[in-house]
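Notes for the one structure printed next.
The values are calculated or read from the model by the stated rules, or taken from the named source; none is laboratory data. Remember, predicted model here, so these are calculated numbers, not experimental data. Here the Cβ positions follow ideal geometry from the backbone for every residue, glycine too, while neighbour counts run over all protein chains shown. Side chains are part of the model used for accessible areas, which takes the heavy atoms of the whole protein and leaves out ligands, DNA and RNA. Shrake-Rupley method; radii C 1.70, N 1.55, O 1.52, S 1.80 Å.
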Amino acid sequence: MRAHGDPAAAAHRLRAVPGAHAQRLDHYQIFAPETYELCAFYSELGFRNSEYLEHGDKLLGAFMYRKGTCLDLAIVENSGPALHHFAYTVSESHDIFSACDWAGILGYGDGVERGPGRHGPGGMLFAYLRDPDGHRVEVFNSHYQTIDTEIEPVRWDAASLSTNARWGLPALEKWYFEASPFVGAPRTPPAEPPNPMSLERFLREQPLP
C-alpha cells in the first residue's frame with residue numbers, strides 16, 4: 001500500500017485527467033517604460049480599461065480589454081518592452097492546483113513561482129509557473145464580465161498591499177522584475193524605478209522581536 005503523499009500514487013490519481021484543463025489562451029501582461037503612452041495607443045485601437053493602478057496621479061498599470069471579460073492586455077510600468085506573462089484560463093479552481101501538482105510530478109516543482117492566490121485587481125484565483133525556457137505562465141479562473149461599457153474603471157492605489165493579492169504574502173522580487181525580452185527590442189527603464197512590496201522587502205521591514 002502506497003503512502004498518501006507518494007509521488008507515484010499522486011501521478012496515478014491524476015493520470016485519468018492530466019493537465020490543468022486550460023480552456024484558452026486568455027491574456028498577456030507586458031512591461032513598458034511609460035504606461036500612459038502605451039495605454040493611450042491601445043485606447044485608440046478600441047481597448048477599454050476595466051481597472052488601473054495609480055500612485056498619486058501617475059498611471060502605473062492598466063488592465064485593458066476588447067472581449068467581454070475584464071482583461072486582454074495588462075500594461076505595467078517597468079523596464080520594457082518585455083513580456084511578463086501569458087495566461088490560460090481554466091474552468092475550476094481545483095484545475096489550478098492540478099497544474100501545480102503536475103509541475104511537481106514532472107520535475108518542475110521549483111518552477112511554481114507564485115501562488116496559488118487571489119489577485120487584488122480582477123479578483124481571480126491564480127498560480128504562476130515558469131516553463132522550461134523560463135517564460136512565465138499564469139493559470140487562473142473566474143474573469144468577471146464587462147458588458148456595460150458605461151461602468152467606470154476601478155482605481156487601485158499602488159501603495160496598498162492588496163494590489164498584490166487579497167490574502168497571503170507578497171511575491172518574490174523576481175516576479176516583479178524578471179520578464180521575457182522581445183528580440184531586437186532593447187529594454188528601456190522607466191523614469192522612476194518601481195519599488196514594489198516584494199517578499200524580500202516585506203521581511204526586511206518587519207520589526208525585530
Open item on the list: Take the conditions at pLDDT below 85 and in contact with a strand residue (DSSP E or B) (Cβ under 8 Å, 6 or more places away or on another chain) and apply them to Ala158. Does it pass?
Closed with: yes
Open item on the list: If I go through the range 119-147 residue by residue, how many of them are in contact (Cβ under 8 Å) with a residue 60 or more places away in the chain, under 23 Å from Phe31 (Cα atoms) and either outside any strand (DSSP E or B) or aliphatic (A, V, I, L, M) (or both)?
Closed with: 4
Task: Filtered residue count, the range 49-62, keeping only those that are within 16 Å of Thr149 (Cα to Cα) and either over 19 Å from the mean Cα position of the chain (by Cα) or acidic (Asp, Glu) (or both) - done: 1
- [ ] Among the numbered conditions (1) assigned to a loop (DSSP other than H, G, I, E, B); (2) within 27 Å of Ser50 (Cβ to Cβ); (3) open to solvent by 70 Å² or more (accessible area, probe 1.4 Å), tell me where Gln206 comes up short.
- [x] (2)
- [ ] Among the residues of the range 119-138, write down those that are open to solvent by 50 Å² or more (accessible area, probe 1.4 Å) and in contact with a strand residue (DSSP E or B) (Cβ under 7 Å, 6 or more places away or on another chain).
- [x] Arg130, His135
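Return yes or no: is Glu152 farther than 15 Å from Cys70 by Cα and modelled with pLDDT of 85 or more?
Spelling it out, it is not the case that Glu152 is farther than 15 Å from Cys70 by Cα and modelled with pLDDT of 85 or more.
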- [ ] Working carefully through the options Val137, Val154, find the one that is among the β-branched types (Val, Ile, Thr) and under 30 Å from Leu106 (Cβ atoms).
- [x] Val137
TODO: Using the structure shown, decide if Phe140 is aromatic (Phe, Trp, Tyr), in contact with a His (Cβ under 9 Å, 6 or more places away or on another chain) and on the phi < 0 side of the Ramachandran plot.
DONE: yes
Open item on the list: Against the definition (among the polar types (S, T, N, Q), open to solvent by less than 40 Å² (accessible area, probe 1.4 Å) and in contact with a Leu (Cβ under 9 Å, 6 or more places away or on another chain)), how does Asn141 come out, yes or no?
Closed with: yes
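If a residue must be under 12 Å from the mean Cα position of the chain (by Cα) and either of a type outside the set (A, V, I, L, M) or over 16 Å from Ala74 (Cα atoms) (or both), how many such residues does the range 94-129 contain?
16
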- [ ] Residues being modelled with pLDDT under 85 and touching a Leu at 6+ places or on another chain (Cβ under 8 Å): count how many of those fall in the range 161-209.
- [x] 1
Task: Members of the range 144-189 that are within 26 Å of Ala20 (Cα to Cα), open to solvent by 90 Å² or more (accessible area, probe 1.4 Å) and of a type outside the set (Lys, Arg) - done: Gln145, Trp167, Leu169
Task: helices (runs of 4 or more DSSP H) fully within the range 1-118 counting 1 or more residues that are modelled with pLDDT of 95 or more and open to solvent by 20 Å² or more (accessible area, probe 1.4 Å) - done: 35-44
